[in-house]
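Single-structure report; data block below.
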Amino acid sequence: MKIKTLLMGAAAAFVLAPAAQAERGADGELKILYYQAVSTLNPYLSSGTKDVEAGSLVLDPLASFDQDGNMVPRLAVEIPTVENGGVAADLTSITWKLKEGITWSDGTPLTSEDVKFTWEYCTHPEGGCAQGAKYEGVKTVETPDPLTVKVVFEAPKPYPYQPFTGATAPILQKAQFGACVGAAASSCTEQNSKPIGTGPFVVTDFKVNDVITLEANPNYRDAAKPAFAKVTVKGGGDALAAASAVMETGEFDYAWNTQINPEQQAQMEAGGKGKFVNAFGTLVERIEINMTDPSSDLPEGERSTPKHPHPIFSDARVRQALSKAIDRNVLVEVGYGAAGRPTCNLVPAPAYQASDNTDCLTQDIEGAKKLLEEAGWVDSDGDGIRDKDGKKLSILYQTSVNAVRQDFQALVKGWWNEIGVEVELKSIDPGVYFGGDAASPDTFQKFYADVEMYANNFDGTDAEPYMSQYLCDKIPGPDNQWQGENVNRFCDPAYDALVKELSSTVGIEARGALVKKMNDMLTKDSHVIIPLVDRGRFSAQSNSIDGFIMNSWDSELWNVADWSRVK
Amino acid sequence: MTDTSAAPIKLEKPRSQWRDVWVQFRQHKGAMVALVLLCVMAAFVLIGPLIWRIDPNFIDPDPVKMIRLRNKGPSWDHPMGTDQIGRDILARMMFGGRISLAVATVAMLVAIFIGTTVGVLAGYFRRIDGLLMRLTDMFLALPLLPLLLVMMFLFRDAAAKVLGPSMGTFLLIVLAIGVTSWMHSARIVRGEVLALKEREYVLAARSIGTPARRIILRHILPNVLSPVLVAATLGIAAAIITESVLSFLGLGFPPDFPTWGRLLYDGVDAIRTYPERVVWPGIAISLTVLCVNYIGDGLRDALDPRIRGR
C-alpha cells in the first residue's frame, strides 16, 4: 500500500509537472459521462453521488481528501490540528484560515461570511439539507475577520473535520444564495443549476437530467489551470454503454461508475481506447452471522432476538469454520474482477485504521472440517451433513436479488456443502430487503435467516459512527421497530467499552489503533462478521487524458483542474 | 332357386370419435411437427438427466479447476458450455425444463379447471350468472403481479414449512398462477355455453327430462372443448413467463433452482460476451410455447366436426 501510494504520488507529480506550465484552456473540450444523469449542481439538495460529483466541478470545500484519504487544503491555507493551534485543546472548536486572494467566478472575493452562510444554509430547519450530517454538533460558526472561520461545537469533537470538507460540503456564495435559505431552497432553480463557485469551471448551460456544459473559470486561483476550455457532462444509458463509450468508441474521456462483470471488463479493455481505474474505499461485501435463533417455531417478537441464542452459531468454532471454507479470491474473480479485492476486514481503509489481518485469504477446507469436528459436529448417519445431538448442521443463507450475489451464494453453498453443512438459499427483492419495513419478515434488519450477505460502508474517513453500530443497545428488535444497525445481534461489554474510549480519543494514530482492535474483535477473533470482498469505485478513463487520479474518499473529479489532454 | 349365398357385405370397422379426431389431426402438418417436437422436448427434460448425469448445481470445489471451467464454449464434456461459475448448462437446461414444464402444465390445468367450471356454471344457471361473472370481473380488475407477490409473500414460509422449500414453492407458484389466470377461459366458456344451451339438441335433451348435470357433461362440455383447448395452450405460454417473472423478483424458486425463465434472466447479463446463454433457454421457451400453440390449433380443427373431413 505504502509503495503503491508513493508510486502513484510520484506518477502524479510527473504528470502534473508539464501541465503546470501549460496555458489555461489550451486543451479544448473534455467530455464526461455520468450515466445517471445530473439533476442539480447543488450538493446540499441531493444525496446522489452523481450530483455531488458534478457539483465539484464548480464548487470547492475548504479541504478535500486525496486518494489515500488524507486531507489536502483547498480554499484553506492548511489543515488545522491541535499542534498548529487550529483545533482548540479542549476539542470544542476548529479554526480555518482561508487562502488570500481567492475570488468567485463572478470576480468578487471569497470571505469567511460565505463559509458561515453555507452552514446557515444547510442547517436551516426548513431547508431539507441533504448533507445535514456534515454539520451535526456545530453550535455556531464565527467570523473574526474576512479570512478566518471558527467552527464551535456543542461538545468536544475528537474528529472536528466534518464541516466544510469533501465534495459533499462545499462553500456556497452568500450573495447568490442569500434569498434561497429555508423553504425557498429548492425553488431557486437558477441558483441550483448555475451556482457561482470557486472551482475550475463555470456552468454555461444546464439541461436537467440531460447535459451540462461548462467553460473554464476565468478567475480560477491558478492562472495556468484548468487545461480544458470546455467541459460537457452528459447523462443517460447504463454502466455497460458508459464503459463502451470510453473504452470502445472513444466518444467520451471519462465515464463514472462503470461496474460491469469481469468478462466484459476484459473485452472492453481490448478496445485499446481507454483503461479502467479503481480506488478502494470502505465498501465491504460481507456475510453476517445471526447470533440469535431465527427459527420460525419461536413466537413472533422473539424470533431473532437475544432472548434465544443461536443453537449452532453460539459456538465460535462453527463460525470460524464457515469463514475458513470460503475462497475469497475466487469470489473476486467471478464477481468483480478489477473492481474488487479480497479482504478479511470490516474496515479495509484508510491505511491508518485498517487492520493487517490477512489470515482468511487462503481457503482451508481441511482446517474448517477439523474445527467442526472439535465443536462436536460429525456426520453420524452418513448422509453428508454433519449433526450433533440429533440436530442437523443446516442453515438458511439469504441475500438480495442481484446476479453477482446469486453467483456468490452458489459458490459459498458449494464450499459449505463440502465441509458438511447443508445450505438453503433465499434471495429477496432489494426493495424489500433493504426497505426497512418493520412489518416485512424479509428485511436485512429482521434477519429471519441464519446468515445473510450484503455490502455496507461508511461516509468519510473516520470509522467511529460505523464501529458504534455494533453496540449492544443497537440490536434491532420489536421494541425499536427493528431499526437498529447491529444486525448480527453481537453484544460484548468489552467492545462497548472500546467504543466509549474511541469517542474521547484524540489523534489519528490512536484512533486508528482502536478501530483496528475493534475490527479484529468483530472479524478474526469472533468471526461474527465474515468479510468477503472490498469493493472499489470503478470508472473508465480515456488514454488521452493525463493527470487523472482515482479517488474513493472524495469526488472522482476532485482534481479535474489538473487533467490535461495527452499531446 | 335363387342363390342365397351372396357374398356378405363387408362392413367397415366402426370408427370411434377419437379415432376420427386423430385422423383429422394428422392432416394438420404444423400440429404434427409440433407434437413430435414437444415429445422430443419432454424426452429431453424427463429422460435426459438419466443419461446426462451431471448435477446442475455442481461447482468444482477446487478453485483452480473451477476457474478453468468457467465460461467454456460447447465441447464434448459440456455440449452447451458452462456458465460463469462453471456449472454445466446442458444439465441446467434439462433440470430447468423439468420445473418450467411441470409448473406450466399444472398451473394451466388448475386455471382451465377453475375457468371451465365457472364458465359452465355461469352460462348454464342463470341465477348464479351475475354473481360468478362479477367475481370474474373482479379478478380481471385486480392487478395480477402485486397480487401474486402478496400471495407468495404471505404463504411462502407456511408452505415451505409443511412441504419443504422446493415443493412448497412449487405448489404455491402453481396455485398462484392458476388462480390468477382462469378468467379469460371462464368468459370464453360462458359465452359458448350461452349459445349452446339454446340449441335444439340441448332443448330436446331437456324436454325428455335429462338432469342438468348430465346435459352439461354429455352435451355441453364436449362442445366447448375446442375453445378450452385454445385457452389452455395460451395458458401454458403465459405460465412459463409468469414463473420467470416471479423467479426474477426473488419470489419464485430458491436461487439454486434453475428454471428456463431464471436461466434466461441470468443470461441477459452476459448477452454481449456469451449470447448463447440467452439463446438456449430462449429457444426452449419459444419452441415449447410455439409447439403447444400449434397442437392447440390442430386439436381445435380436429375436434370441430364441421371442419373434420374437409
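The values are calculated or read from the model by the stated rules, or taken from the named source; none is laboratory data. Remember, it's a predicted structure, so these values are computed and weren't measured experimentally. Virtual Cβ from ideal backbone geometry, glycine too; neighbours counted across all protein chains shown. Surface accessibility is based on the protein's heavy atoms, side chains included, excluding ligands, DNA and RNA. Shrake-Rupley method; radii C 1.70, N 1.55, O 1.52, S 1.80 Å.
Could you go through segment A:408-426 and let me know if any residue there is outside any loop (DSSP other than H, G, I, E, B), surrounded by 18 or more Cβ atoms within 10 Å (Cβ to Cβ), more than 9 Å from chain B (Cβ to nearest Cβ) and over 25 Å from the mean Cα position of the chain (by Cα). Yes, segment A:408-426 contains at least one residue that is outside any loop (DSSP other than H, G, I, E, B), surrounded by 18 or more Cβ atoms within 10 Å (Cβ to Cβ), more than 9 Å from chain B (Cβ to nearest Cβ) and over 25 Å from the mean Cα position of the chain (by Cα). With a requirement of 3 or more residues that are crowded, with 22+ Cβ neighbours inside 10 Å, the helices (runs of 4 or more DSSP H) lying completely within segment A:446-537 that satisfy it span A:508-520. Being in a loop (DSSP other than H, G, I, E, B) and over 30 Å from A:VAL515 (Cβ atoms) is true of A:SER380. Applying a threshold of 7 Å to beta carbon distances and a minimum spacing of six or more residues, or different chains, the list of pairs starting in segment A:374-401 at a residue that is on the phi < 0 side of the Ramachandran plot and ending at one that is part of a strand (DSSP E or B) and aromatic (Phe, Trp, Tyr) reads A:THR399/A:TYR454; A:SER400/A:TYR454. Scanning segment A:427-437 for residues that are more than 12 Å from chain B (Cβ to nearest Cβ) and either modelled with pLDDT under 80 or over 30 Å from the mean Cα position of the chain (by Cα) (or both) yields A:GLY435, A:GLY436.
Taken across segment A:389-403, residues that are touching a Gly at 6+ places or on another chain (Cβ under 6 Å) and at pLDDT below 90 do occur, with at least one present. Just to be sure before I move on: is B:ILE208 within 14 Å of another protein chain (Cβ to nearest Cβ), free of Cβ contacts under 8 Å to residues at least 60 places away in the same chain and surrounded by fewer than 18 Cβ atoms within 10 Å (Cβ to Cβ) in the structure I sent? Spelling it out, it is not the case that B:ILE208 is within 14 Å of another protein chain (Cβ to nearest Cβ), free of Cβ contacts under 8 Å to residues at least 60 places away in the same chain and surrounded by fewer than 18 Cβ atoms within 10 Å (Cβ to Cβ).
Residue-level check: of (1) open to solvent by 90 Å² or more (accessible area, probe 1.4 Å); (2) part of a loop (DSSP other than H, G, I, E, B), B:LYS65 misses just (2).
Considering segment A:349-390 alone, what residues qualify as being closer than 30 Å to A:ARG537 by Cβ and open to solvent by 80 Å² or more (accessible area, probe 1.4 Å)? Correct list: A:ASP356, A:THR358, A:ASP359, A:THR362. Would you check which residues across segment A:242-272 are among the charged types (D, E, K, R) and surrounded by fewer than 19 Cβ atoms within 10 Å (Cβ to Cβ) and list them? Scanning segment A:242-272 gives A:GLU248, A:GLU251, A:GLU263, A:GLU269.
Only a single criterion out of (1) of a type outside the set (A, V, I, L, M); (2) open to solvent by 30 Å² or more (accessible area, probe 1.4 Å); (3) modelled with pLDDT of 85 or more is not satisfied by A:SER304, namely (2). If you take the residues in segment B:233-276 that are open to solvent by less than 10 Å² (accessible area, probe 1.4 Å), in contact with a Gly (Cβ under 9 Å, 6 or more places away or on another chain) and assigned to a loop (DSSP other than H, G, I, E, B), which one is farthest from the other protein chains (Cβ to nearest Cβ)? The residue in question is B:THR259. Residues that are open to solvent by 80 Å² or more (accessible area, probe 1.4 Å) and of a type in the set (Phe, Trp, Tyr) within segment B:146-172 comprise just one, B:PHE155. Pairing residues of segment A:314-338 that are more than 14 Å from chain B (Cβ to nearest Cβ) with residues that are part of a helix (DSSP H, G or I) and among the acidic types (Asp, Glu), at Cβ distances under 7 Å and at least 6 apart in sequence or on separate chains, gives A:ARG317/A:GLU374.
Among the residues of segment A:61-107, the ones that are out of contact with any Ser or Thr (no Cβ under 6 Å at 6 or more places or on another chain), of a type in the set (D, E, K, R) and touching a residue at least 60 places away in the same chain (Cβ under 8 Å) come to 4 in all. Scanning segment A:343-357 for residues that are within 17 Å of the chain's Cα centre (by Cα) and either within 12 Å of chain B (Cβ to nearest Cβ) or among the polar types (S, T, N, Q) (or both) yields A:THR343, A:ASN345, A:GLN353. The listed residues are A:LYS225, A:LYS230, and the only one of them that is at pLDDT 90 or above and charged (D, E, K, R) turns out to be A:LYS230. Taking the stated definitions as given, is B:PHE95 within 28 Å of the chain's Cα centre (by Cα) and either assigned to a helix (DSSP H, G or I) or under 30 Å from A:ALA368 (Cα atoms) (or both)? The answer is yes for B:PHE95.
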